[in-house]
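The structure appears right after this line, and notes come after that.
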Amino acid sequence: MTLHLFNTYSRQVEPFTPLDPAGKKVKMYTCGPTVYNYAHIGNFRAYLFEDLLQRHLESRGYEVERVMNLTDVDDKTIRGCRALGMRLAEFTEKFKRAFFEDLETLRIKRAAHYPAATEDRYIARMIEMIGQLQADGIAYQADDKSVYFRLSKFPDYGKLAHLNLDELRPTGRIQNDDYEKENLGDFALWKAWDENDGDVKWDSPWGPGRPGWHIECSAMATALLGPELDIHCGGVDNIFPHHEAEIAQSECCTGKKFVRYWLHCAHLMVDGQKMSKSLGNFYTLRDLIAKGYTGREVRYALLTVNYLLPLNFTLAGLEASRASLARIDEWTTRLQDHAKDAAPAATPLSGHTAKFFIALDDNLNISAALSHLFDLIRESNTALNRGELSAGQAAQLLADWTGIDHVLAFQREAAAIPAEVLALVQQRQQARADKQWAESDRLRDAIADLGWIVKDTKEGPKLSPKQ
């Protein structure tokens with residue numbers, strides 16, 4: 001089956017065909033964090049959908065060059081650094097480091113590039129683009145010394161969000177970056193310096209100031225990936241005005257279609273409500289780790305609903321994710337014990353693996369893909385119980401799982417068993433041999449207190465770390 005993706009621009013599921021004449025290389029841009037605070041799980045829902053997309057593209061043989069920007073200058077970052085009396089770069093560095101730590105925790109693949117808006121090469125690119133737009137009569141400097149994009153010069157503005165440009169009623173100039181709170185109209189390309197910006201400013205042909213949010217992404221995307229992109233991703237809240245503005249700026253500068261496929265992730269809710277600090281349902285990844293959950297459990301919880309559908313996040317759902325991962329862990333352990341060093345041998349159960357990838361070809365239908373995975377787990381466990389799965393077939397299913405996990409990244413990390421735990425297991429084995437069942441139970445609980453679960457099997461005790 002050919003990979004199909006839902007294109008926000010056309011509002012249709014379309015077959016994916018990259019720009020590369022050889023059909024292998026994919027240019028992908030993903031909107032990254034604004035580094036004024038720790039990223040929250042709503043942010044990471046989008047980043048995980050993008051991670052799933054990249055991993056599946058790679059599983060189908062594509063070479064993905066992905067760019068994720070870091071917005072390190074805007075109203076929020078400036079307010080934050082001024083409130084603490086810090087320089088902008090010093091303030092944002094802490095949250096940049098935290099973001100990359102969180103990516104590791106969630107097993108999100110690194111992008112090829114992480115450009116920051118304040119890097120000199122990108123500031124220069126932004127100024128160059130704005131100058132070109134002004135020279136072409138598409139941008140103008142207003143009385144407030146800021147430079148604006150003239151929407152009337154780009155008739156296609158609004159097509160991504162399916163808005164009617166004639167219905168936009170601008171009633172004022174944009175003075176900050178919280179666009180969803182502002183009147184619609186000509187948007188800022190370059191924002192003239194004012195006292196609220198403190199020492200955050202760059203020299204430009206229009207006087208000191210800083211770039212608008214929209215031009216940052218256009219400059220970084222085209223600088224690194226060229227004038228035309230295969231895929232551009234983000235959250236649904238980015239569609240308007242941010243991605244609309246990116247299209248307008250970029251296409252007016254290059255004369256080429258900016259993006260072929262636009263993909264947007266739906267909102268995340270918590271306990272059926274919008275996530276909000278005032279409601280007490282606001283979570284960063286670090287909040288959940290502090291509650292005892294792991295990165296892979298959060299990864300599972302945030303990945304298991306198709307990106308086009310709203311996701312209702314709950315702590316009960318995290319517990320269900322923990323149980324599902326435990327089921328996968330137990331299955332892979334059984335296969336490893338059965339396969340030993342056998343060479344892979346064909347099994348009809350591999351058909352479920354093929355169905356897993358075909359489901360993802362259908363606009364990343366993750367729920368169907370996981371259904372096929374758990375069908376595979378159930379049927380192969382039944383075959384193991386009945387003695388109907390050979391060691392070679394178990395080896396083949398482990399190879400299948402390796403391919404699946406390149407996309408899911410759910411595999412439990414191997415953990416070294418502490419000597420103290422091994423000693424308790426030996427003591428418990430002796431207690432069981434002596435039929436000292438109460439002592440056996442006490443030792444089992446002691447092992448659990450150290451973070452390990454012991455399971456008695458025909459081959460002897462099996463240890464696994466607690467989730």
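Using a probe of 1.4 angstrom and keeping all protein chains present, the accessible surface of segment 217-354 works out to 39 square angstrom per residue.
Rounded to the nearest 0.05, what FRET efficiency do Ala433 and Thr333 have when you use their Cβ-Cβ distance and R0 = 25 Å? Walk me through the intermediate numbers first.
Values: r = 24 Å, r/R0 = 0.95.
Efficiency at R0 = 25 Å is approximately 0.55.
Using a Förster distance of 22 angstrom, determine the FRET efficiency expected from the C-beta separation of Lys25 and Lys76, and round it to 0.05. Display every interim value, and only then the final one.
On the way: r = 35 Å, r/R0 = 1.59.
Computed FRET efficiency for Lys25 and Lys76 comes out at 0.05.
Each residue was assigned an accessible area with a 1.4 Å probe, and for Val236 the value is about 50 Å².
The Kirkwood hydrodynamic radius of segment 103-151, based on inverse pair distances between different Cα atoms, is 13.4 Å.
Remark: segment 288-435 carries a charge dipole of roughly 400 debye about the Cα centre, counting +1 on each Lys and Arg Cβ and -1 on each Asp and Glu Cβ.
To the nearest µm²/s, what D does Stokes-Einstein give for segment 309-464 at 37 °C and 0.692 mPa s, using the Kirkwood radius over alpha carbon pairs as Rh? Provide the component values of the computation, followed by the final result.
Working: Rh = 17.7 Å.
This corresponds to a translational diffusion coefficient of 185 µm²/s.
Counting only DSSP beta bridges whose two residues both lie in segment 1-149, roughly 45 percent are antiparallel. Note on the chain: helix-only mean residue ellipticity at 222 nm, from DSSP H runs of 4+ residues weighted -39500 (n - 2.57) and normalised by residue number, equals -14000 deg cm²/dmol. Which of Ala438, Ile108, Trp190 sits closest to the plus end of the dipole of the chain, meaning its Cα is farthest towards the positive end, when Lys and Arg get +1 and Asp and Glu get -1 on the C-beta? Selected residue: Ala438. Directionally averaged projected area (segment 1-63, Cα convex hull): 5.5 nm². Extension gain, Ala142 to Ala316, is 57.3 nm, computed as 0.36 nm per intervening residue step minus the present C-alpha separation.
Over all distinct Cα-Cα pairs of segment 37-96, the Kirkwood formula returns a hydrodynamic radius of 13.8 Å.
For a protection proxy built on the mean count of beta-carbon atoms within 10 angstrom, sort 395-408, 210-223, 279-292 highest first, please.
Working: 395-408: 19.1, 210-223: 25.4, 279-292: 14.8.
Highest mean packing first, the order is 210-223, 395-408, 279-292.
Among beta bridges identified by DSSP and lying wholly in the chain, the antiparallel ones come to about 50 percent. Put a dot 7 Å past the Cα of Asp441, heading toward its Cβ, do the same for Ser390, and the two dots end up 4.5 nm apart.
Annotation: segment 217-292 has a Kirkwood hydrodynamic radius of 14.8 angstrom, from the mean reciprocal C-alpha pair distance. Radius of gyration over Kirkwood radius for the chain, both on Cα atoms: the Rg/Rh ratio is 1.05.
With a simple spin-label model that places each label point 7 Å from the Cα along the Cα-to-Cβ direction, the separation between Leu398 and Ser278 comes to 5.5 nm.
Share of the chain's accessible area from carbon and sulfur, percent, 1.4 Å?
Details: 10420 of 21120 Å².
Answer for the chain: carbon and sulfur cover 49 percent of the accessible area.
Pairs spanning more than 32 Å between alpha-carbon atoms, out of Lys109/Lys340; Lys96/Lys153; Lys96/Lys462: Lys96/Lys153; Lys96/Lys462.
For a modelled paramagnetic label at Lys201, 7 Å from Cα along Cα-to-Cβ, the residues of segment 126-166 in reach, with backbone nitrogen under 14 Å, are 145-146.
The values are calculated or read from the model by the stated rules, or taken from the named source; none is laboratory data. Because the structure is predicted, anything quoted here is derived from the model rather than measured. A quick note on method: Cβ atoms are made from the backbone with ideal geometry, for glycine too, and the neighbour counts reach across all protein chains shown. Note: areas computed on protein heavy atoms with side chains; ligands, DNA, RNA excluded. Shrake-Rupley method; radii C 1.70, N 1.55, O 1.52, S 1.80 Å.
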